[in-house]
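The values are calculated or read from the model by the stated rules, or taken from the named source; none is laboratory data. If you're wondering where the values come from, they're calculated on a predicted model, not measured in any experiment. For neighbour counting, all protein chains shown are included, and Cβ atoms are generated from backbone atoms with ideal geometry for every residue, glycine included. Protein only, heavy atoms only, side chains kept; ligands, DNA and RNA dropped before computing areas. Shrake-Rupley method; radii C 1.70, N 1.55, O 1.52, S 1.80 Å.
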Amino acid sequence: MNAGISSQNLVGLDRRELERLVQLLGKAPYRARQLYHALYYRRQEDLAALTNLDRNFRAALAAHYEIAYPDVQGEFISKDNSARFLLRLHDGASVETVYMPQEERITLCLSSQAGCAVDCRFCFTALLGLQRNLSAGEILGQVLAVTKARAIPPGSRLNLVFMGMGEPLLNLTQVMKAIRILADPQGFGIPLRRITISTSGIIPRMRELARDPRRPKLAISLNASNERQRTELMPINRKYPLSELLRACRAYPLRPRELLTFEYVLLDGFNDTDADALRVGGLLRGMRAKVNLIPYNPGSELPYRPSPLERVLAFQQLLTERNIPAYIRISRGQDVGAACGQLRLQGMRTGDSTTP
Ligand code: SAH
Ligand code: SF4
């Protein structure tokens, strides 16, 4: 890594940008392909180690460019083996990325923004407000920093979910630029069917995504069974109401065997009754969809309580009886603040506790 402050980071540049750079340095176009493969497929971090590039080219690159990953400021390991990574970006902003190993695959939960502007009432990230959008390089940097810290070799089976901090559809250009590189077989080589974007329901951006043939999978945070309830939980429902959101979902093109995912955070006595489950069943009737029921991850600043397990099970049963596949998603890493909706940069300053 080159510590020079004026160096430009190569992480985040796509094929075309690397081709331009290589051309500027007077080198043959195939050098761009080599560099791209080294950066993203092989995940090489040291310019000097790119020995398949000739020495002059490496020297010319090192004079102006660097390969820089976000700094791991903290790694909080849960008793369930997942881990929350606190990452520091070049300007001092911080984001969080969650590492979740399963039996034969690893899922990384990525952030798309530092903080979030959407202001859902049950989410800790909302308490931060929006600090800023992340660049494509900072999104890729999360994958690079965590796979490096965990020594995950290139070619490993990874799933990516944009369910960390931020609303990915409010930073769609950078998120999609990163996804192109993630899904490219010469880049990270992670198939689009293993990449999911989760949205609070930014309808115009969903329509934009629908037109993109190279789109990842889509999850929608439903979280309520009627307009009034959803507006109370997610004020964005005033701008993008449930009825229109469901219309956009019905119009969303799906590939063979693909389903839309609806996420539903269960809040005790608020949105978890039998009547809620029946209404959700009605809203989703006939849709190619499944529901992920997420038991609420509580915290003292927020006014809700998690639903008891028997409610969660009853809710699930009412949906499955209506032919809507419903799964219970117990969040990983709750003990280290890594679970759904808990990301809020805990542990950033000394004195912050790492458990709620
Ligand atoms: N902004 C996007 C993606 C990040 S939030 C979105 O809202 O979809 C990812 C998921 O975490 C969402 O489905 C959200 O409803 C859920 N979530 C937020 N706060 C939560 C909490 N305290 N407990 C459980 N799930 C939560
Ligand atoms: Fe933002 Fe998603 Fe949290 Fe809502 S649930 S505040 S959209 S991160």
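Any idea which residue in the range 159-182 is nearest to ligand 2 (Cβ to nearest atom), counting only those that are in a helix (DSSP H, G or I), of a type outside the set (A, V, I, L, M, F, W, C) and farther than 23 Å from Phe122 by Cα? Give the steps one after another, and end with the answer.
If we filter the range 159-182 for residues that are in a helix (DSSP H, G or I), which is where we start, we get 168-182.
From the residues that got through so far, the ones that are of a type outside the set (A, V, I, L, M, F, W, C) too are 168, 171, 173-174, 177, 180.
If we keep only those that are farther than 23 Å from Phe122 by Cα as well, we get 173-174, 177, 180.
Details: Thr173: 18, Gln174: 16, Lys177: 20, Arg180: 23 Å.
Ranking the qualifying residues of the range 159-182, first place goes to Gln174.
Those residues that are out of contact with any helix residue (DSSP H, G or I) (no Cβ under 8 Å at 6 or more places or on another chain) and under 16 Å from Pro253 (Cα atoms), I need them from the range 179-209; list them, please.
Arg193, Thr196, Pro204 - these are the residues of the range 179-209 that are out of contact with any helix residue (DSSP H, G or I) (no Cβ under 8 Å at 6 or more places or on another chain) and under 16 Å from Pro253 (Cα atoms).
Exactly one condition in (1) open to solvent by less than 20 Å² (accessible area, probe 1.4 Å); (2) within 16 Å of ligand 1 (Cβ to nearest atom) is false for Leu170; which is it?
The single condition Leu170 does not satisfy is (1).
Among the listed residues Val280, Val312, which satisfies the condition of being within 16 Å of ligand 1 (Cβ to nearest atom), over 30 Å from Arg215 (Cα atoms) and modelled with pLDDT of 95 or more? It would help to see each step written out before you state the result.
Numbers: Val280 fails: over 30 Å from Arg215 (Cα atoms).
The match here is Val312.
Return the pairs, sorted by first residue and then second, in which the second residue is open to solvent by 60 Å² or more (accessible area, probe 1.4 Å) and not in a strand (DSSP E or B), the first residue lies in the range 243-266 and is small (Gly, Ala, Ser), the beta carbons are less than 9 Å apart, and the residues are 6+ apart or on different chains.
Close Cβ pairs (under 9 Å, with a partner that is open to solvent by 60 Å² or more (accessible area, probe 1.4 Å) and not in a strand (DSSP E or B)) amount to Ser243/Glu227; Ala248/Arg207; Ala251/Arg207.
Condition check ((1) touching a residue at least 40 places away in the same chain (Cβ under 8 Å); (2) within 12 Å of ligand 1 (Cβ to nearest atom); (3) under 21 Å from Pro235 (Cβ atoms); (4) in contact with a strand residue (DSSP E or B) (Cβ under 9 Å, 6 or more places away or on another chain)) across all residues:
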site	(1), (2), (3), (4)
Ala62	yes, no, no, no
Ile67	yes, no, no, yes
Pro70	yes, no, no, yes
Glu96	yes, yes, no, yes
Ser112	yes, yes, yes, yes
Gly115	yes, yes, yes, yes
Phe122	yes, yes, yes, yes
Thr125	yes, yes, yes, yes
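Within the range 321-338, which residues are within 16 Å of ligand 1 (Cβ to nearest atom), at pLDDT 85 or above and buried (at least 20 other Cβ atoms within 10 Å of the Cβ)?
Within the range 321-338, Ala326, Arg332, Gly333, Gln334, Val336, Gly337 meet the criteria.
Within the range 132-158, work out how many residues are without any contact (Cβ under 8 Å) to a residue 60 or more places away in the chain, buried (at least 18 other Cβ atoms within 10 Å of the Cβ) and more than 14 Å from ligand 1 (Cβ to nearest atom).
3
Only one of (1) of a type outside the set (D, E, K, R); (2) in a loop (DSSP other than H, G, I, E, B); (3) at pLDDT below 95 fails for Ile152. Which number is that?
With (1) of a type outside the set (D, E, K, R); (2) in a loop (DSSP other than H, G, I, E, B); (3) at pLDDT below 95 applied to Ile152, the lone miss is (3).
Restricting attention to the range 186-199, does a residue exist that is buried (at least 21 other Cβ atoms within 10 Å of the Cβ), among the aliphatic types (A, V, I, L, M), under 18 Å from the mean Cα position of the chain (by Cα) and within 16 Å of ligand 1 (Cβ to nearest atom)? Even if it seems obvious, please write down each step before you answer.
Kept after step one, since they are buried (at least 21 other Cβ atoms within 10 Å of the Cβ), are these residues of the range 186-199: 188, 190, 195, 197-199.
Filter once more, so that each one left must be among the aliphatic types (A, V, I, L, M): 190, 195, 197.
Keeping just the survivors that are under 18 Å from the mean Cα position of the chain (by Cα) gives 190, 195, 197.
Still in the list and also within 16 Å of ligand 1 (Cβ to nearest atom): 195, 197.
Yes, the range 186-199 has at least one match.
Restricting attention to the range 258-269, does a residue exist that is in contact with a helix residue (DSSP H, G or I) (Cβ under 6 Å, 6 or more places away or on another chain) and open to solvent by 20 Å² or more (accessible area, probe 1.4 Å)?
no
Ile236 - would you say it is in contact with a Leu (Cβ under 7 Å, 6 or more places away or on another chain) and within 14 Å of ligand 1 (Cβ to nearest atom)?
no
Count, please, the residues in the range 87-107 that happen to be buried (at least 16 other Cβ atoms within 10 Å of the Cβ) and closer than 14 Å to Gln131 by Cβ.
7
When the range 243-266 is examined, which residues are found to be aliphatic (A, V, I, L, M) and either modelled with pLDDT under 95 or within 23 Å of the chain's Cα centre (by Cα) (or both)? Spell out how you get there, then give the answer.
So in the range 243-266, the residues aliphatic (A, V, I, L, M) come out as 245-246, 248, 251, 254, 259-260, 265-266.
Answer for the range 243-266, where residues must be aliphatic (A, V, I, L, M) and either modelled with pLDDT under 95 or within 23 Å of the chain's Cα centre (by Cα) (or both): Leu245, Leu246, Ala248, Leu254, Leu259, Leu260, Val265, Leu266.
Does Arg288 qualify as being closer than 30 Å to Leu182 by Cβ, more than 15 Å from ligand 1 (Cβ to nearest atom) and open to solvent by 30 Å² or more (accessible area, probe 1.4 Å)?
Taking the combined requirement at face value, the residue satisfies it.
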